[in-house]
Amino acid sequence: MLFTSFQYLLFLPAVVLLYWILPVKWRLPMLMVASYFFYGSWIPAFLLLIIPMTLLNWLWGKVLYKSVSQNDGHKKLWLGLGIGANLLCLGVFKYSNFMVSTVDSILHLVTRHDPGWAVNVILPLGISFFTFEFIHYLFEIYRGNKPIDSFVLFALFAAFFPTQIAGPIKRYPDFQAQMLTEKKLHLSYFDEGVPLIIIGMAKKLLLADNLAVLVQMGLSDPTAYGAPELWLFAYAFAFQIYFDFSGYTDIARGSAMLFGYHIPINFNMPYIAKNVSDFWHRWHISLSSWLRDYPFIPLGGSRGSKWMTHRNLFLTMALGGLWHGASWNFVVWGVFHGLCLIVHREFVEWRTQTQILKEFFASKVWNVLSIIITFHAVCIGWVFFRMQNIGWAFGMVKKMVTMHPIYSPVEAHHFLVMKPDLPVVVPVVLIMVAALLLQNFPVSAMNENGTFKRLAAPLKAAFCSFLILAMVTFLPDSAKPFIYFQF
Amino acid sequence: MNFFGKLLSRLNNSVTLWTLVMLVAVDLTVVYINPLRYLNDSAYIGLNQNPVVSKLPEFINSLRNPDMLIVGSSLVLVPAVRCDDAMNHIRTRYDGWYYRNRIQEYNRSEYLQKSLSRALGQSVEIANLGVVGSMMSDHYLIFKKAVAAGKTPKLVICAVAPRDFMDNCRAEVEQTPTYKVLADVTSINDILESQSGSGNATNNASKNLPQKIAQKIDRLGDFAASKIWHYFGSRGDYRDFLVAMTATATGRPMSLYMANVMNEEKLAGKHKDKEETQAQAALDPDQDMGGVGVLTNSKPKYLHGPNVLSDIPLYKTRVYSPFNPVLYNQQMRYLEKLLALAQTKQIPLLLVNMPITDENISLLPKERWQNYRKQLADLATNYGATFIDPKESANYLTTDFEDSCHMDTKAGFKFYDQLVRDIVKNQALNASLCSRGQLIGQR
């Protein structure tokens, strides 16, 4: 059941209605059952994975807590086993196809004989997200936090349907506190939640799905286009993935708000980041903070030598890349960001030590320039993220960086995207995206700093009504799934 | 402040409530003011939307009860307009404006009506419900809705051609303009009985049961939403308006389909020999085809040049190819349903295989063409209808057509004269049309 599907538009109000009319003690169990129903609506068999994993982690948390509180010297072992079991599950379902095909390719390379090994394991939706929540839970208990007593509460933490498939990755102390708070029906929940859902849907249906047409056209055969066109496609994908994922997050946050739950933000205008480190503080915030808290800090963080810090950064980002998908292009994307972070650290250190061009680096010009440079570096990263064929990705990046050739190799002195017989969708998409992009930034800004909340209700309602009418008018025949659902 | 004052104040500050109020206001505007109504004569209404089919609800909801109904595609509309124009001394036109504002909306067949009345010795009223680009399923739906609305024709002419059964450019059965415009008289049963996605063989085959159920839920949702929220039901008209306006402003085609049509026309243009182009230019001062798909009010075009079969590439690459057996069989079933309905209601039916050019026929494999004709004849026989193929008894040359399938004025006269002769000659049809005051079911 996609967030943008008609089924969800039936499911959500039904669950919200049921939630608020039921007695308080039945609300959380009902929400848990609804969450499992939501999960089972994709492939019912995967309930046989998420429910036992939830039960196992809940019990493991209790055992670990006992060991921690008794300080019996086995707490590291229990933590290791718990994390190992979760990673094993993730590995089997997410990476077995990848690992087998990689071994197959290596053997083929070495022996010149194709062993023909292949497996076909279907990836359960949301496994990367709830596995990370389980690992976080075990880590926090290891660090001395109390486990969740009730299985229903723990199951709801892991399966809460608004965040179940693609996050944001929740933190259990915060979520547990919200679950334990007795809620009274407030119209303000709807006044905050409904606009978020509408804005999220508009981001997905009006922006991301329309940009997808342009991206698909360009990146299906990048050899046919000149460098400026490839940059255009890279920009288009940068905004497609941003609107797709942040749209999903908005719908998730808005849906949770209808039950009185506050889910943390996941994006904070990432494309105005001044460097790659800043970008990771603004992009997929729940993942980057998870990566910081769990692999990076336990690896030593930035406490050791410079080279150890670089190693930790590199490994963390490479793992982050691999988390996004079982494919080498995601590893390359992670490695690219790891290298960018290292280069940025070195650059900052060099600048501080040499004090060179101190005034320039403090100026507004450098501020703007650094945003432009960071955005373009991120766009190069997105090429690796989007294109599974690494050879094509490197070829495309080479063309983009060298700006050669300017025009399409197929049609000299012309940009293919400007061909007069292309359907009107291309200029329309460009115009619409430009217009909506311009207004999306102020809206995002207002959303984050509260200005949007302070606007008069009729103004906000007019904006929401406009988005609803635009969405209904340009409703696509079939809904495209969210990009992050594959992770 | 009393309780209600507080409540009103709270509601006044609610985004959710304000949004609902605004959406209701928009809906009331759509229903009671209908802004698009004021744009009927403008260039901004999509080709595939209401102007093409607006005559259908108008006819179905009217008190008109004609003696004869004609269902079919543009193949029965174009010659009707050409012949009626010639008969009424109206200077017919061959430009986009005329096509949009006269041919598409035309619902009469005066020449046929006059000829038939003269031949039978009594007046006969005819309603021409031909719809541009419609498929066999649309013909059936129109006939079904007309009968359900209480129309009691004494004869139905169902005019078909191979395109009506195998056009790959057409949408799914439930997505055609005809279906959409008659949707307000569609029932939930229609949706439940429909074969979702059966217009596309590949898609249909790959859909499993949960997907089909989800699709049904979506369609039922669409149906319910358009009942509750009128804007939802007419959103296609507004989308077409915006798209056409953008297309006009940017000088681009409105859709990929129209872009392909433009390309095909360019391609066809390239293959014309020089002499032909010059001849065309001499006859046709308004040669600018850049506006295909963009509904510009171009200069009137009173002359039609030599038939260069400009639609042949389109038929070859898209309409007939690749052949979709699922679509074909589905559309044949709709013909069968139409024949069965006529038989049940005891309404005599004349199935006409419309004349098209040999060049168009040659695009179909010989076996498929023969099989198609045989199926028409067999089905007509099985359901007690009359089948005629005018091309068998009269010679229709390529020069008798405006393109590969639309007859021009001369061929139109020939066709209607032949039709009158066939009807008069056929005792059952003749008797049915001449019966007066007889109730349907008594025949």
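The values are calculated or read from the model by the stated rules, or taken from the named source; none is laboratory data. From a predicted model like this one, the values you see are computed outputs, not experimental measurements. Every residue, glycine among them, receives a Cβ derived from its backbone with ideal geometry; neighbour counts consider all protein chains shown. Quick note on the areas: whole protein, heavy atoms, side chains included, nothing else; ligands and nucleic acids left out. Shrake-Rupley method; radii C 1.70, N 1.55, O 1.52, S 1.80 Å.
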Subject >> Theoretical ellipticity at 222 nm over chain A - DSSP helices of four or more residues, -39500 (n - 2.57) apiece, nearest 500 >> reply: -22500 deg cm²/dmol
**OP:** Hey, for a label at A:Ile122 modelled as a point 7 Å past Cα toward Cβ, could you say which residues of the range A:40-64 have their backbone N under 20 Å away?
**Re:** A:40-54
Original post:
If we sort A:288-297, A:184-193, A:163-172 on the protection proxy, mean other Cβ atoms within 10 Å, highest first, what's the order?
Top reply: A:163-172, A:288-297, A:184-193
**OP:** Quote the FRET efficiency, to the nearest 0.05, computed for A:Ala85 versus A:Ser289 with a Förster distance R0 of 25 Å and r equal to the Cβ-Cβ distance.
**Re:** 0.60
Original post:
Each label point is 7 Å from the Cα along the Cα-to-Cβ direction; what then is the distance between the points at B:Asn12 and A:Trp307, in nm?
Top reply: 7.1 nm
Subject >> Within the range A:214-232: backbone nitrogen closer than 12 Å to the A:Tyr407 label point (7 Å, Cα to C-beta) >> reply: A:226
Original post:
For the range A:96-143, what does the alpha-carbon gyration tensor say about shape, rounded, prolate or oblate, given a ≥ b ≥ c as the root eigenvalues, a/c under 1.5 as rounded, and a/b over b/c as prolate?
Top reply: prolate
Original post:
Assuming R0 = 41 Å, what is the FRET efficiency of B:Asn371 and B:Lys345, from their Cβ-Cβ distance, to the nearest 0.05?
Top reply: 0.90
Original post:
Which whole-angstrom value gives the distance between the alpha carbon centres of the range A:278-316 and the range B:137-173?
Top reply: 67 Å
**OP:** May I ask you to derive the relative contact order of chain A, considering only C-alpha pairs under 8 Å and at least 6 residues apart, and to give it as an integer percent?
**Re:** 17 percent
Subject >> Computed accessible area, A:Arg282, all protein chains, 1.4 angstrom probe, square angstrom >> reply: 40 Å²
Subject >> Shielding of B:16-26 by partner chains, average beta-carbon count, 10 Å >> reply: 6
Original post:
Under a plain spin-label model, where a point goes 7 Å from the Cα along Cα-to-Cβ, how far apart in nm are B:Leu303 and A:His262?
Top reply: 7.9 nm
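Full-extension gain between B:Asp27 and B:Ser62, please, as 0.36 nm times their residue separation minus the C-alpha to C-alpha distance.
Length gained, B:Asp27 through B:Ser62: 10.0 nm.
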Subject >> Portion, in percent, of the accessible area of chain A that falls on carbon or sulfur, probe 1.4 Å >> reply: 69 percent
Subject >> Stretchable slack from A:Leu455 to A:Arg112, in nm (0.36 nm times residue separation minus alpha-carbon distance) >> reply: 116.7 nm
Original post:
Ignoring ligands, DNA and RNA, how do B:Ser123, B:Ser74 rank by accessible area with a 1.4 Å probe, largest first?
Top reply: B:Ser123, B:Ser74
Original post:
When only Cα pairs under 8 Å and 6 or more residues apart are kept, what is the percent relative contact order across the range A:6-183?
Top reply: 29 percent
Subject >> Calculated FRET efficiency for the pair B:Lys316/A:Ala224, C-beta based, R₀ 41 Å, to 0.05 >> reply: 0.95
Original post:
So what does B:Thr386 come to for accessible area, using a 1.4 Å probe and Å² rounded to 10?
Top reply: 40 Å²
Original post:
At the nearest 100 Å², what buried accessible area, both sides summed, do you get for B and A when the probe is 1.4 Å?
Top reply: 2800 Å²
**OP:** Work through the residues other than A:Thr316 whose Cβ is under 15 Å from its Cβ and net out their charges, Lys, Arg +1 and Asp, Glu -1.
**Re:** +3
Original post:
Which ³J(HN,Hα) values, rounded to whole Hz and listed in residue order, are derived for the range B:130-140 from phi using the Karplus coefficients 6.51, -1.76 and 1.60 in 6.51 cos²θ - 1.76 cosθ + 1.60 with θ = phi - 60°, glycine and proline given as x?
Top reply: x, 10, 4, x, 7, 10, 4, 4, 5, 4, 5
Original post:
Within the range A:109-147, whose backbone N sits under 13 Å from a point 7 Å along Cα→Cβ of A:Ser96?
Top reply: A:118-124
**OP:** Return the distance in nm (one decimal) between the two label points of a simple spin-label model at A:Ala177 and B:Asp358, each offset 7 Å from Cα along Cα→Cβ.
**Re:** 8.8 nm
Original post:
Largest first, how would A:Tyr271, B:Tyr383, A:Tyr407 line up by accessible area (1.4 Å probe)?
Top reply: A:Tyr407, B:Tyr383, A:Tyr271
